Amino acid sequence: MSPSQPMPPTPVLQTPRLVLRPIRSKDAPVIQRRFPRWEVVRWLNHRIPWPYPADGATAYVAACLGEMDRGEKSHWAIIPKSGPADLIGVIDLWPDDGTSHDQRGFWLDPEFHGKGLMSEAADRVTDYAFRTLNWPHLWLTNAQDNHASRRIKEKQGARLVDLKIGEYVSGRGPLMIWHLPRENWLSRQAAPSVAA
């Protein structure tokens, strides 16, 4: 799939513990409640308004729906199968535009950190990109100090290829750029797991 081709409609994806379903309008109040926390936004792109406005989630969801309608991006709500019934985070995917070196983003309510849920969601979306969309690679980024996001890339087998200066809600700082080729991902998934 090339950047000039629109993405297909965002599908529902599942993992052992999660349902990833397309973002919808009624998610805005939950996002407005869960998202605007410093530990969530500090390493995200500086274009996110901070302090987060009262209509921030409504505007964000409207932008997501427009991007999905135009086939520009997929935006999934992350829902735990064991509850709560509403979203606990978001994960996004978009085609390689040849310049930004970034194709996936995510955030998770801090209440659910440390349980491997974002790794599970990221693995499922990565598998979708490579097996369903047949993308040749993924470019991934994170703030150097965002250790949890960095660990997800390392566990997926991505290779650090560059370090630049990024602009975050918290200010300027090092931005890590990772490359994950499709063949690396598929070979890692096919390899038998080694017992510790």
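The values are calculated or read from the model by the stated rules, or taken from the named source; none is laboratory data. Here the structure is a predicted model, which means the values were calculated and not measured. Glycine also receives a Cβ, built like all others from the backbone with ideal geometry; neighbour counts cover every protein chain displayed. Surface accessibility is based on the protein's heavy atoms, side chains included, excluding ligands, DNA and RNA. Shrake-Rupley method; radii C 1.70, N 1.55, O 1.52, S 1.80 Å.
Scan the range 151-184 for residues that are exposed (fewer than 15 other Cβ atoms within 10 Å of the Cβ) and touching a Pro at 6+ places or on another chain (Cβ under 9 Å) and report the count.
The qualifying residues number 5.
Does the range 147-167 include one or more residues that are part of a loop (DSSP other than H, G, I, E, B) and under 26 Å from Arg33 (Cα atoms)?
no
Say whether the condition of being on the phi < 0 side of the Ramachandran plot, more than 16 Å from the chain's Cα centre (by Cα) and of a type in the set (A, V, I, L, M, F, W, C) is met by at least one residue in the range 102-120.
Scanning the range 102-120, I find no residue that is on the phi < 0 side of the Ramachandran plot, more than 16 Å from the chain's Cα centre (by Cα) and of a type in the set (A, V, I, L, M, F, W, C), so the answer is no.
Whether any residue in the range 95-108 is touching a Leu at 6+ places or on another chain (Cβ under 7 Å) and open to solvent by 60 Å² or more (accessible area, probe 1.4 Å) is what I want to check.
Checked against the condition, which is being touching a Leu at 6+ places or on another chain (Cβ under 7 Å) and open to solvent by 60 Å² or more (accessible area, probe 1.4 Å), the range 95-108 yields no hits at all.
Rundown of residues vs (1) over 14 Å from the mean Cα position of the chain (by Cα); (2) open to solvent by 40 Å² or more (accessible area, probe 1.4 Å); (3) under 25 Å from Arg151 (Cα atoms); (4) aromatic (Phe, Trp, Tyr), yes/no style:
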{"site": "Pro22", "(1), (2), (3), (4)": "no, no, no, no"}
{"site": "Asp27", "(1), (2), (3), (4)": "yes, no, no, no"}
{"site": "Trp43", "(1), (2), (3), (4)": "no, yes, yes, yes"}
{"site": "Tyr60", "(1), (2), (3), (4)": "yes, yes, no, yes"}
{"site": "His75", "(1), (2), (3), (4)": "no, no, yes, no"}
{"site": "Lys81", "(1), (2), (3), (4)": "yes, yes, yes, no"}
{"site": "Ile91", "(1), (2), (3), (4)": "no, no, yes, no"}
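Give just the number: which of (1) touching a residue at least 60 places away in the same chain (Cβ under 8 Å); (2) assigned to a strand (DSSP E or B); (3) open to solvent by 50 Å² or more (accessible area, probe 1.4 Å) does Asp123 not satisfy?
All conditions are met except number (2).
Among the residues of the range 158-166, is any of a type outside the set (Lys, Arg) and at pLDDT below 95? Spell out how you get there, then give the answer.
Kept after step one, since they are of a type outside the set (Lys, Arg), are these residues of the range 158-166: 158, 160-163, 165-166.
Now restrict to residues that are at pLDDT below 95: none.
No, the range 158-166 has no match at all.
Between Leu87, Leu44, which is touching a residue at least 12 places away in the same chain (Cβ under 8 Å), out of contact with any Asp or Glu (no Cβ under 7 Å at 6 or more places or on another chain) and within 24 Å of Tyr168 (Cβ to Cβ)? Please lay out each step first, then the result.
On the way: Leu87 fails: out of contact with any Asp or Glu (no Cβ under 7 Å at 6 or more places or on another chain).
None of the others qualify; the one that does is Leu44.
Specify the residue that is surrounded by the most Cβ atoms within 10 Å (Cβ to Cβ); the eligible residues are those in the range 126-150 that are in contact with a helix residue (DSSP H, G or I) (Cβ under 7 Å, 6 or more places away or on another chain) and within 20 Å of Arg42 (Cα to Cα).
Residue satisfying both the conditions and the ranking: Leu140.
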